[in-house]
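The values are calculated or read from the model by the stated rules, or taken from the named source; none is laboratory data. This structure is a prediction, so every number in the text was calculated from the model and none was measured. Reconstructed Cβ throughout: ideal geometry from the backbone, glycine too, with neighbour counts over all protein chains shown. Ligands, DNA and RNA are excluded from the accessible area calculation, which covers all protein heavy atoms including side chains. Shrake-Rupley method; radii C 1.70, N 1.55, O 1.52, S 1.80 Å.
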Amino acid sequence: MRVRKPSVAGSFYPRDREKLEKFVDSLLGDRADKVPKGVISPHAGYVYSGKVAGRVYGLFKGLSDVRFLIVGPSHFVDFDGVSFGDYEFYETPLGLISVDRLRIEDFLKELDFPSARDNLPHAMEHSIEVQLPFLQRAVGSFSIIPVVYGRITPEKLAEAIEFFCDDRTYLVISSDLSHYYPDEVARRIDSYCHEGILKANEESLEKCEACGKVAILASLMWSRGKNLKPKLVAYSTSAEAYGERNMVVGYGGYAFF
C-alpha cells in the first residue's frame, strides 16, 4: 500500500487527532444552499488562514461519495508539468484518503507528463495536504486526485481540470495571495486578485501576486467554459492572527457557482 504520509502535521495544523478535529470543526463555515463546483482556498498554517479555508470548505458540507481534484503549486521541487505521484492513499491524522488511481491513469493515456508519477514533488509539499483535514470533517466519503504543478501554462493545466471535473468531481485550487508586504500594501495588491477573479479583469490579474496564480488562471478558463460565476467567500491577512502588520500574507477564499 503506497501512502503519502503527512509532512506538516504538528506545524501547520495539530498532529493530535482529537485536537485537529475540534480545531477544524471550529473553523468550518455554513453549508451552502447551492454547492459550488470549485473553490480557491489558502494553504498556510491554520492559525493564519484557517478561518478563510473553513468558510470555503463549509460550503461542501453534506456532500458524500464524491471526488476532489486538488491542484497546488510546488514550493520545493522545480520540474516541468504536473505530478500526481504514485500514491494509493494520502494520510492525515484523521485517517487515510483514497487516491483515484484509475482516473489518473485514464488521463495519462491522453496527456502524459515526464514527472506525472514522481513522488518527489509531493514529499514535503503542503499545498495539497493542508486542504485535506477540512474535507475530512466537512464531507462524507470521498476520493482525491492530487496535482502538484511545476512549470506549466494555464492553458495546459486547464486541460487537466476539464478532463477530471465531471458531475461528481469538484475542483480545489490551493493558493495564498500576496506575500510579505505591509498589511495595507498587501490588501491593495490582493484587491487586484479579487477584481481579476470576480470580474475576469485581465489587467487586474496581471497585478495579482498569488503563489498559485497559474492554477487560478486555469480555473478561470475552466469556469468560463462551464458558465460558472466566481464569488468571494472570505478574505484576511496574517495580521488578523497575530497583529504583525509589517510583513503579512494574504488569504482569499473563492467559490465557483
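Within segment 133-146, residues that are over 17 Å from residue 13 (Cβ atoms) have Cβ atoms under 6 Å from residues that are open to solvent by 10 Å² or more (accessible area, probe 1.4 Å) and charged (D, E, K, R) in these pairs: 141/65; 143/67; 143/100; 145/100, counting only partners at least 6 apart in sequence or on another chain. Scanning segment 100-122 for residues that are under 19 Å from the mean Cα position of the chain (by Cα), under 30 Å from residue 58 (Cβ atoms) and touching a residue at least 60 places away in the same chain (Cβ under 8 Å) yields a single hit, 122.
Hey, among 218, 210, 241, which residue is outside any loop (DSSP other than H, G, I, E, B), at pLDDT 95 or above and open to solvent by less than 50 Å² (accessible area, probe 1.4 Å)?
The conditions single out 218.
If the condition is being within 18 Å of residue 210 (Cβ to Cβ) and touching an Asp or Glu at 6+ places or on another chain (Cβ under 9 Å), then segment 224-238 contributes 235, 237, 238.
Within segment 50-72, residues that are over 21 Å from residue 126 (Cβ atoms) and modelled with pLDDT of 95 or more reach partners that are aliphatic (A, V, I, L, M) and open to solvent by 30 Å² or more (accessible area, probe 1.4 Å) with beta carbons closer than 9 Å, at six or more positions or on different chains, in the pairs 59/35; 61/35; 63/35. From the list 91, 125, the lone residue that is charged (D, E, K, R), under 18 Å from the mean Cα position of the chain (by Cα) and more than 29 Å from residue 230 (Cα to Cα) is 91. Among the residues of segment 135-170, those identified as within 19 Å of residue 82 (Cα to Cα), outside any helix (DSSP H, G or I) and of a type outside the set (Gly, Ala, Ser) are 144, 145, 146, 147, 148, 149, 151, 152, 153, 165, 169, 170. With (1) at pLDDT 95 or above; (2) on the phi < 0 side of the Ramachandran plot as the list, and residue 180 as the residue in question, which single condition is left unmet? Exception for residue 180: condition (2). Suppose the filter is charged (D, E, K, R) and in contact with a Ser or Thr (Cβ under 9 Å, 6 or more places away or on another chain); does residue 166 pass it? Against the criterion (charged (D, E, K, R) and in contact with a Ser or Thr (Cβ under 9 Å, 6 or more places away or on another chain)), residue 166 does not qualify. When you scan segment 180-196, do you find a residue that is surrounded by 21 or more Cβ atoms within 10 Å (Cβ to Cβ), more than 15 Å from the chain's Cα centre (by Cα) and of a type in the set (Ser, Thr, Tyr), even just one? No; the residues of segment 180-196 include none that is surrounded by 21 or more Cβ atoms within 10 Å (Cβ to Cβ), more than 15 Å from the chain's Cα centre (by Cα) and of a type in the set (Ser, Thr, Tyr).
Does residue 177 meet the test of being outside any helix (DSSP H, G or I), in contact (Cβ under 8 Å) with a residue 40 or more places away in the chain and aliphatic (A, V, I, L, M)? Judged against the criteria, residue 177 is a match. Please work out which residue is most open to solvent (accessible area, probe 1.4 Å), limiting yourself to segment 197-207 and to residues that are under 26 Å from residue 82 (Cα atoms) and not acidic (Asp, Glu). Ranking the qualifying residues of segment 197-207, first place goes to 207.
Consider residue 34 carefully, then state whether it is among the basic types (Lys, Arg) and at pLDDT 95 or above.
So residue 34 does not fit the description; no.
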